[in-house]
Amino acid sequence: MATVVLQTVGAAIGGAIGGPFGAVLGRAAGAFAGQAIDQSFLAKDQVVQGPRLENSRILSSTDGAPIPRIYGRNRVSGQIIWATRFEEVTNTQKAGGKGTGPSSSTTTFSYFANFAVGLCEGPISGVRRIWADGEELDLTKIEYRFYSGTEDQEVDPLIEAKQGLGNAPAFRGTAYIVFESLPLENYGNRIPQLSFELIRAIGKVEHEIESITIIPGSTEFGYDTQLAASGGGEETYNAHNRHASIALTDWTASIDELQMVCPNLKSVSLVIAWFGNDLRAGECKIAPGVTTRTGSNWQVNGLRRNQAFLVSQIEGRASFGGTPDDASIIRAIADIRSRGLKVIIYPFIMMDIPQNNQIPGLSGEQRQPAFPWRGEISCNPKPSVENTVDKTNNARLQIEAFNDEYKNLISHYAELSNAAGGVDGFLIGSELRGLTRVRDETGKFPFVETLVDLAQECKQLLGSNTIITYAADWSEYFGYQPQDGSGDVLFNLDDLWASPNIDAIGIDNYMPLSDWRDEGEPQNPLAKSPHS
């Protein structure tokens with residue numbers, strides 16, 4: 001800079017004294033002097049210091065502010081009830097020096113906050129989401145601890161460490177959250193304006209729910225506690241099982257909230273689906289499926305993604321999710337048990353028969369119904385239809401062909417459950433009404449025989465502490481009345497229910513939560529609303 005300035009000054013002075021020739025000499029002299037000045041400055045080590053926080057500015061806390069009481073799901077802002085001075089972390093980077101020219105150093109400052117926010121009167125079920133300055137926080141990237149506001153909650157370890165043993169309050173009866181070393185760089189080096197989505201289960205039904213079934217069953221990584229992703233680099237990164245910022249995976253987020261809403265939950269049934277492709281028992285193939293041939297590593301029963309059944313599509317999108325990855329099931333079982341819950345494994349058959357199929361129906365139709373119920377799988381032609389093979393040896397042969405497929409499904413998940421350290425309950429099937437009613441030429445029920453054998457195999461593998469059962473459809477569990485004009489009443493499942501390896505009579509029954517209608521019926525004097 002000095003070189004440029006003194007060149008100009010020298011040229012002006014030289015021109016005034018000696019004309020054009022003097023101007024040239026003056027410019028040269030000015031450049032020489034300016035270069036000497038510049039070198040004297042540039043030769044020195046340069047020190048650059050970034051902006052530093054001189055005064056801490058924290059979110060205000062109002063003395064005597066009321067403590068809110070929440071019901072259900074609410075969003076609150078809370079009050080800061082404890083805080084420390086900001087933590088300052090310096091980072092100095094040096095460059096140059098030792099023969100490469102003058103050195104330079106740059107020091108930057110980062111700030112972190114330790115503070116607690118009182119939320120509401122406790123106890124509550126939990127915190128679901130948190131926003132900072134209006135933006136939802138990724139809760140997997142910050143360190144925090146939540147206290148539900150019980151009367152016996154312990155003192156937070158950070159508060160006790162800062163205040164001293166015996167000097168820290170536990171804020172009993174108040175739900176609060178403690179943030180430890182929250183980075184402040186993105187918030188202008190201040191504590192951001194925070195708001196919290198809170199849950200408090202208040203309904204009678206929520207507290208009475210002790211068991212629940214987890215679906216969809218068809219989800220390749222939806223049950224995984226670990227993040228499953230594909231892509232990266234030149235390909236688009238795609239996280240397959242994380243669509244919420246409150247936990248690492250959708251599974252963790254969902255089960256956390258389930259336990260918030262149903263605090264007395266004791267057991268869960270984990271549905272795991274394979275896919276059937278034909279209602280004709282003798283032709284039906286049952287296999288694990290995937291939605292695409294590309295994607296994250298996936299394996300079920302030794303099959304890789306390129307070997308599995310590819311589910312059908314509707315308008316370019318998969319009709320179902322895929323079968324859960326085996327490793328994800330083992331991790332899900334471990335996670336359920338770590339939460340103090342019992343786990344029941346529920347192998348399931350989804351019928352993937354798309355629209356406009358060309359598969360003959362069980363009654364002579366040109367095609368089978370789209371995406372039918374598994375309970376419709378039967379012999380072909382089915383019972384009660386003219387020319388049926390029911391009550392013939394051909395019926396037994398068709399059922400035995402189906403059994404080869406079906407046993408693979410049940411045996412695999414019994415072995416997987418055993419590999420996971422065992423489970424509390426295991427279903428050997430559900431709602432296979434069309435199969436349990438098929439008879440051979442002697443009047444026996446060959447598929448019921450298969451269920452009896454599977455119950456014994458699973459009990460031997462999983463042990464006496466595992467409850468084994470079959471979930472019969474509500475229309476199936478009590479017996480069978482053939483619609484053939486015989487008037488017979490057959491108790492086709494008796495051999496199964498009487499098996500020493502069956503621990504309970506299982507019934508799948510779908511009852512409405514409410515069925516009170518104003519039109520055409522007397523008003524229910526005991527109910528206050530149609531949803532009671």
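The values are calculated or read from the model by the stated rules, or taken from the named source; none is laboratory data. All of these numbers come straight from a predicted model, not from anything done at the bench. For neighbour counting, all protein chains shown are included, and Cβ atoms are generated from backbone atoms with ideal geometry for every residue, glycine included. Protein only, heavy atoms only, side chains kept; ligands, DNA and RNA dropped before computing areas. Shrake-Rupley method; radii C 1.70, N 1.55, O 1.52, S 1.80 Å.
Points to keep in mind about this one:
- Between Asp495 and Leu165, the simple label model (points 7 Å from Cα in the Cβ direction) yields a spacing of 7.0 nm.
- Efficiency of FRET from Cβ geometry, Ser211 and Glu154, R₀ 30 Å, rounded to 0.05: 0.45
- Split the accessible area of region 430-473 by element, probe 1.4 Å, and carbon with sulfur accounts for 44%.
- For the residue pairs Lys94/Lys141; Lys141/Lys266; Lys204/Lys342; Lys382/Lys459; Lys204/Lys266; Lys407/Lys444, alpha carbon separations beyond 24 Å are given by Lys94/Lys141; Lys141/Lys266; Lys382/Lys459.
- Förster radius 25 Å - calculated FRET efficiency between Gln481 and Glu386 (Cβ-Cβ, nearest 0.05): 0.85
- Inter-site label distance for Phe371 and Asn393 at 7 Å from Cα along Cβ, in nm: 4.2 nm
- The modelled label-to-label distance between Ser77 and Thr92, using points 7 Å beyond Cα along the C-beta direction, is 4.2 nm.
- As a rough guide to protection, the peptides 412-418, 264-270, 61-67 ranked by mean Cβ packing within 10 Å, highest first, stand as 412-418, 264-270, 61-67.
- Amide N of region 438-455 lying under 19 Å from the label point, which is placed 7 angstrom from the Cα of Asp404 along Cα→Cβ: 446-451, 454
- Net lengthening on full extension, Arg317/Lys266 (0.36 nm per residue, minus Cα-Cα): 14.7 nm
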